[in-house]
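Only one structure is covered here, and it is reproduced in the block below.
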Amino acid sequence: MRVVLIGFRGTGKTETGRLLSRLTAVPFLDTDAMIEASAGMTIHEIFHREGEEGFRAREREVIRALSPGDAVIGTGGGAILDPVNVALLRKGSTMVLLEADEAVIEKRIAASTRPPLTTHPLREEIHELLELRRPLYAAAADFRIDTSLKSQNEVVLVIRKFLDEGTVPRQARESLVSFLEGSGIPDSEVAEARILTDVDLWDPRTRLYAIAGYPATQSRSPLLFNRLFKHYGLSCHYLRFQDPDLSRILRLADETDLRGLSVTIPFKQEILSTLTDVEVHANAIGAVNTVVRCGTRRFGYNTDWIGIREPLSDHRGEKAVVLGAGGAAAAAVYALLSLDMEVTILNRTVEKAASMAERFGCSYGPPSAFDRLDPAVVVNATPVGMEPELKSPLQKHQLRSTMTVFDLVYTPPETPLLRIARNSRCQTIPGTEMFVRQAAAQFRHFTGIAPPLDLIRSAM
Ligand code: NAP
């Protein structure tokens, strides 16, 4: 048994860790105590002499040097800020997040001699740090307990129940498998999911993730995320939820205590109203493609725009055209505007281009307007070029060697548009670049671990 306790100061990590360790006869490792012992200084002294940066460097070293095997590990409140720490801590472990109301935390730590991390009064510091850290705790946690009204004994009992039984009852796993059987997903995925109802093979600590869409069979996310989970030694399984009814998918997510959901067509807008916390970028784009579930919170993010912005970061201030006015186009427009580009949206249904242009404050027109615009950057955000109908939204005579052409379509990896653009000596960016980057950002929201892009490329 290897359990890592994470959470803010004052949520009871040390006392819970000691008690759990005593009752299960495995060693208790407290990273803060280990840092003090190796530095020969108190945490207060380390902060005073070396600042927070010095403390975090020491914390990284201690986490890196933790011996493998059975243990209960208590961590400092900020340990999970570093994705490298999270990857090290998560390997072969069950991560338990301890939470408490802000007022309870304040009462518990008021007399502490630990150094403050901001210049604000304690109550404000707690609120401010929790606002920042809550999504990071949610990402790194397998299970979560509110300790506000619980004794240490009760908290330890809940943890032991998680470890022994998990949080997905057998009946919920059975109805999940029946749902998958009738959903039209590949037989091989249904067969793999039958492990959920296998008494001998099911590990109750396994946490579930899924993609929600209709259709969802085209997505490569199940393959990719399951490979990444394996790579990082996480007891997690990623499924495909294909259904036209989002409320049915969300009911399944509740019943199976799903940790994370990738969201695709047609639910990216509809899901917004079901979330408790929507990050600023997703709100501005008006679409969510990533949901993290933790306790009663539902965090929503958009990582599509990151996948479009990063490959174009050298094109700041240039003139750009976005083809299409759907969900991917909104993420593209937001990404290009964040790079101070001058953006025109061209769409066959011009009214949709007009309303998106009004929302973002840019220009619009019909596809035929392309030739008089002479853009430096072209982003195809229509499905034109996607298998099996291999067509190009632009013709060879419309392209110049000065253009950078980014096709968001990623099946096939080289679309007809990219082939024509390559032959016209344009710089080309394939849709796989967007996929890889948005997936890396999504995996970080799901797990707190930041995978390198090359790992994702090779996993695909
Ligand atoms: P969407 O919301 O359905 O929007 C599709 C847009 O394309 C609409 O503006 C639509 O025009 C236009 N369109 C559709 N068929 C067309 C055609 N035959 N000719 C001209 N315009 C056409 O879809 P989306 O979510 O934005 O996705 C668009 C594409 O982006 C997807 O097909 C996918 O290949 C790609 N994508 C890639 C990634 C990645 O990771 N690489 C991620 C997300 C999406 P109307 O308004 O006139 O209907």
- So for the chain, taking the charge dipole from beta-carbon charges (+1 Lys/Arg, -1 Asp/Glu), which of Leu346, Ile80, Leu23 sits furthest toward the positive end? Leu346
- Message: On the Cα set of segment 253-367, report Rg and Dmax in Å, please.
- Response: 15.3, 48
- Query: For the chain, what is the accessible area per residue in Å², given a 1.4 Å probe and the full set of protein chains?
  - Reply: 44 Å²
- Task: Please give the solvent-accessible surface of Phe299 in Å², to the nearest 10, using a probe radius of 1.4 Å with every protein chain present.
- Result: 10 Å²
- Message: Quick check: with the 1.4 Å probe, what order do Met1, Met386 take by accessible area, largest first?
- Response: Met386, Met1
- Task: Give me the accessible area of Ile429, 1.4 Å probe, in Å² rounded to the nearest 10.
- Result: 10 Å²
- Message: Please give the charge dipole size of segment 2-165, origin at the Cα centre, charges +1 on K and R Cβ atoms and -1 on D and E Cβ atoms. Round to the nearest 20 debye.
- Response: 400 debye
- Note on the structure: For Ile429, the residues 5 or more places away or on another chain with a placed amide H closer than 5 Å to its own amide H are Val405, Phe406, Asp407
- Karplus-derived HN-Hα couplings along segment 129-137 (A = 6.51, B = -1.76, C = 1.60, θ = phi - 60°), whole Hz, x at Gly and Pro: 5, 5, 4, 6, 8, 3, x, 6, 4
- Estimated vicinal HN-Hα couplings, Hz - segment 440-449 in sequence order (Karplus 6.51, -1.76, 1.60; Gly, Pro = x): 4, 5, 5, 4, 5, 5, 6, 10, x, 9
- Task: Could you state how much accessible area Trp305 has, in square angstrom rounded to the nearest 10, with a 1.4 Å probe and all protein chains kept in place?
- Result: 30 Å²
- Note on the structure: With the label point 7 Å along the Cα-to-beta-carbon line of Gln395 and a cut-off under 17 Å to each amide N, the hits in segment 353-384 are 367-374
- Item | Centroid-to-centroid separation of segment 211-254 and segment 42-71 [C-alpha atoms, Å] | 36 Å
- Note on the structure: Amide H contacts under 5 Å for Lys319, restricted to residues at least 5 apart in sequence or on another chain and with H modeled in the peptide plane, are Glu342, Ala376, Val377
- Task: For Lys150, list the aspartates and glutamates whose Cα falls under 19 Å from its own Cα; do not include residues on the same chain fewer than 8 positions away.
- Result: Glu15, Glu99, Asp101, Glu102, Glu106
- Toy charge model, Lys and Arg Cβ at +1, Asp and Glu Cβ at -1: the chain dipole around Cα centroid in debye, rounded to 20, equals 500 debye
- Query: In segment 167-261, what trypsin sites (Lys or Arg not before Pro) fall in a loop by DSSP, with at most 16 other Cβ atoms inside 10 Å?
  - Reply: Arg220
- Alpha-carbon Debye profile of segment 348-460, log10 I(q)/I(0) at 0.16 Å⁻¹: -0.86
- Item | Using alpha-carbon coordinates, inclination of helix 327-338 to the longest axis of the chain, degrees | 80 degrees
- Query: Rounded to the nearest 0.05, what FRET efficiency is calculated for Val280 and Glu128 with R0 set to 22 Å and r the Cβ-Cβ distance?
  - Reply: 0.85
- Query: How much of the accessible area of the chain, in percent, comes from carbon and sulfur atoms when a 1.4 Å probe is used?
  - Reply: 51 percent
- Largest first, what is the accessible-area ranking of His397, His231 with a 1.4 Å probe? His397, His231
- Query: Are there GluC sites (Glu not before Pro) in segment 47-93 that DSSP puts in a loop and that have at most 11 other Cβ atoms within 10 Å, and which ones?
  - Reply: none
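Per residue Cα convex hull volume for the chain, in cubic angstrom?
For the chain, the hull spanned by Cα atoms encloses 161 Å³ per residue.
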- Query: Does anyone have the angle between helix 152-165 and the longest principal axis of the chain? Alpha-carbon axes, 0 to 90°, nearest 10?
  - Reply: 50 degrees
- Message: Given a 1.4 Å probe and heavy atoms of the protein chains only, how would you sort Tyr301, Tyr334, largest accessible area at the top?
- Response: Tyr334, Tyr301
- Item | Stretch gain in nm, segment Arg457-Ala103, where the contour uses 0.36 nm per residue and the Cα spacing is subtracted | 122.9 nm
- Longest principal axis of the chain (C-alpha) makes with the long axis of helix 221-231 (C-alpha) an angle, in degrees to the nearest 10, of 40 degrees
- Note on the structure: Sequence order, segment 90-99: Karplus ³J(HN,Hα) from phi using 6.51 cos²θ - 1.76 cosθ + 1.60, θ = phi - 60°, Hz rounded, Gly and Pro as x, gives 6, 4, x, 10, 9, 9, 10, 8, 9, 10
- Query: At what distance in nm do the modelled label points of Ala65 and Lys91 sit from each other, each positioned 7 Å from its Cα along Cα→Cβ?
  - Reply: 1.7 nm
- Inter-label distance, nm, simple model (7 Å from Cα along the C-beta direction), Thr197/Met1: 3.0 nm
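Please work out how much length the chain gains when fully extended from Thr296 to Thr402, using 0.36 nm per residue of separation minus the C-alpha to C-alpha distance, in nm with one decimal.
In short, 33.1 nm is gained.
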- Of Leu417, Ala172, Tyr238, farthest towards positive along the dipole that unit charges on Lys, Arg, Asp, Glu beta carbons give the chain: Leu417
- Surrounding net charge for Leu129, when Lys and Arg each add one and Asp and Glu each subtract one, Cβ distance under 11 Å: -2
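The values are calculated or read from the model by the stated rules, or taken from the named source; none is laboratory data. This one's a predicted model, so the numbers in the text were calculated from it and none came from an experiment. Cβ: placed from backbone, ideal geometry, glycine included. Neighbour counts: every protein chain shown. Just so you know, the surface numbers come from the protein's heavy atoms only, side chains and all, with ligands and any DNA or RNA stripped out. Shrake-Rupley method; radii C 1.70, N 1.55, O 1.52, S 1.80 Å.
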